[in-house]
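First comes the structure, then the notes that go with it.
The values are calculated or read from the model by the stated rules, or taken from the named source; none is laboratory data. Computed from a predicted model, the values in this text were never measured in an experiment. We place every Cβ from the backbone using ideal geometry, glycine too, and count neighbours over all the protein chains shown. For accessibility, only protein heavy atoms count, side chains too; no ligands or nucleic acids. Shrake-Rupley method; radii C 1.70, N 1.55, O 1.52, S 1.80 Å.
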Amino acid sequence: MSERLSRDDVSKVALLARLELTDAELDTYTDQLAAIIDHAADVAALDLADVPPTAHPLPIENVLRPDVVAPSLDRDEVLSQAPSVEDRRFRVPAILGEEP
Amino acid sequence: MSNSVLPTTAVEISRAVRAGELSARDVLEVHLSAIDAREGEINAFNLVLADEARAAADAVDRVVAGGGDPGLLAGVPLAVKDNLCTRGIPTTCSSRILEGWRPPYDATVVSRVAAAGAISVGKTNLDEFAMGSSTENSAFGPTRNPRDTSRVPGGSSGGSAAAVAAGFAPISLGSDTGGSIRQPAALCGVVGVKPTYGLVSRYGLIAFASSLDQVGPFSTTVADSALLLEAIAGHDPLDSTSIPDAETGAARSLLSVLDDGVAGLRVGLVTELMGEGIAPDVAARVRQAAEALAAAGAEVGEVSIPALSYGLSAYYLIAPAEASSNLARYDGVRYGMRVDADTTAAMNTATRTAGFGPEVKRRIMLGTYALSAGYYDAYYGKALRVRTLICRDFAAAYQNFDVLLTPTSPTTAFRFGEKTADPLSMYLNDICTIPTNLAGHPAMSLPFGAGADGMPVGVQLMAPALGEATMFRAAAVLEAAAPDLSEALQ
């Protein structure tokens, strides 16, 4: 964690997050994200091996409800908001780059 | 309309409407006129719902005429943050990626305020996906602070805060992930409350950071926030993190405790949030608030909460990590914007690249980095352990104190563009508000006089989980003692 966040790191993270950055954006985000990560060095430097993590403020176990059939969202209303629909399903372009 | 002066608070309006002394329609028209007069300048709303509001107000008046009771919020105009789903009504999160989307369901809080007789006047502007502290990150232009339009209203619920401060509605709904209700309330000179995590349903609140997000009220008075919180609080089977009603009774009975006073209440002034980084005029007002509580019979002391100094770093790892996961759903498939491409993967990328603004992209990438292989333990994992430290240090403080007092924001409202070039300087705005989100505790901001620049100063009260009633008792005392907002600190 001693090495600073690099342009390559940001490039890789953008790919993972499905974002495309211009060269200028890559420069800007690298500077800004490195500054934020540097600020977090105080946390990263702490020795907290004996402290358990808290992922959630409430001590919730599994939350269950009776298995009873109830109406769900109206299908046509949901599909009316989709960018593309065919045969009452969401339509997307080719997956994995095969011919449509 | 009668010749008497129209009441301005939700408590007075609902009482008069329920008693048949005032029509909901008359109340609404006054507020729609206020919107007409100043909305062009303020930009509090992404959408004003004048026709729908008139129909809802008339329906409330018919219920009263028929001898019925429309509910706790009868005829009270209310503004709704545009990250709360409203069925059939555009809900944008102030993002291009959701522009034009009409949700197929209502958020639970939206159903509850409607069932209580409130009149929704519109959807309010926010920092895109609630990420920001100034409302400058909205894709639809910034909201301006009604008290000085050269300054920001704070954020992310800047539109909801400005709508109340400008008199567009006596109450509004916002959401608070790291201070997004309290900080704009402070900067606009109104009351804003972040309830205990789980007290108010998150169903239909578009997710930013799910372990931190909470819906809460804005108002001009402490009593109006108590009223609105009573109306929206309570268990919701549609939100698996909502707390069962049997455990939240006291936290939902707020109006009845407002006159209880603070005699014997132990109030802790948090030393970590009174020194470096806090403007001297803001700190002076907080000390003045502490004196007011002491004068009313509270036992005021200082308390150190050491782990708070790590709060900002922990938050800006945890919240973006959760956001990067939550915002993965905007992929151009089921709703919102799509930018077409030959393959689905290319379509996903093109859509997200065009649809998200710079701050949202920054946080998604920050979160993706904090969660990525090789960095997870050092950043996200460490932040979760710091979260435990913060919870422990709060628990220790609450052994000796009933409520804690701090500034809400380190400064009064700043000017447009002042902090946009440096994200970290913007994030530092949240230093006082973030810790309670990490702990899941309730906190609220209320105006306590003005700073040296004449802009409102907000003081923050914090309480342990489900300690809302104690917090509101202290707030009522501070409200009564607060210096006039028109007098700058000398």
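Structure above, values below:
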quantity: Area accessible to solvent at A:T22, 1.4 Å probe radius, in Å²; calculated: 80
quantity: Sequence of B:K419, A:K12 from largest to smallest accessible area, 1.4 Å probe; calculated: A:K12, B:K419
quantity: Buried area at the A-B interface (accessible, heavy atoms, 1.4 Å probe, summed, Å²); calculated: 5100
quantity: Other protein chain Cβ atoms within 10 Å, averaged over every residue that makes up A:30-37; calculated: 5
quantity: Structure-based [θ]222 nm, the protein assembly as shown - -39500 (n - 2.57) summed over DSSP H runs of at least 4, per residue, nearest 500; calculated: -11000 deg cm²/dmol
quantity: Pair B:T8, B:A294: separation of 7 Å Cα→Cβ label points (nm); calculated: 3.2
quantity: Positive-end extreme of charge dipole, chain B - chosen from B:V5, B:Q490, B:I305 (charges on Cβ); calculated: B:I305
quantity: Whole-number accessible area per residue in Å² for chain B, which is evaluated in the context of all protein chains at 1.4 Å; calculated: 31
quantity: Computed over chain B, Kirkwood Rh from alpha-carbon pairs, angstrom; calculated: 22.3
quantity: Accessible area, probe 1.4 Å, largest first, for residues A:S6, B:S95; calculated: A:S6, B:S95
quantity: Cα convex hull volume per residue for chain A (Å³); calculated: 257
quantity: Extent along principal axes [Cα atoms of region B:38-169; Å; largest to smallest]; calculated: 47, 33, 21
quantity: Debye, to nearest 20: dipole size of region B:276-372, +1 on Lys, Arg Cβ, -1 on Asp, Glu Cβ; calculated: 440
quantity: 0 to 90° range, to nearest 10: angle between helix A:23-39 axis and chain A longest Cα axis; calculated: 70
quantity: Sequence of B:V200, A:V69 when ordered by accessible area, the most exposed leading, probe 1.4 angstrom; calculated: A:V69, B:V200
quantity: Region B:376-490: proportion of alpha-carbon pairs further apart than 25 angstrom, %; calculated: 36
quantity: Environment charge at B:V190 (Cβ cut-off 13 Å; Lys +1, Arg +1, Asp -1, Glu -1); calculated: 0
quantity: Projected label distance in nm at B:L255 and A:L26, using a 7 Å step from Cα toward the beta-carbon; calculated: 6.0
quantity: Ratio Rg/Rh [Cα only; Rh per Kirkwood] for the protein assembly as shown; calculated: 0.96
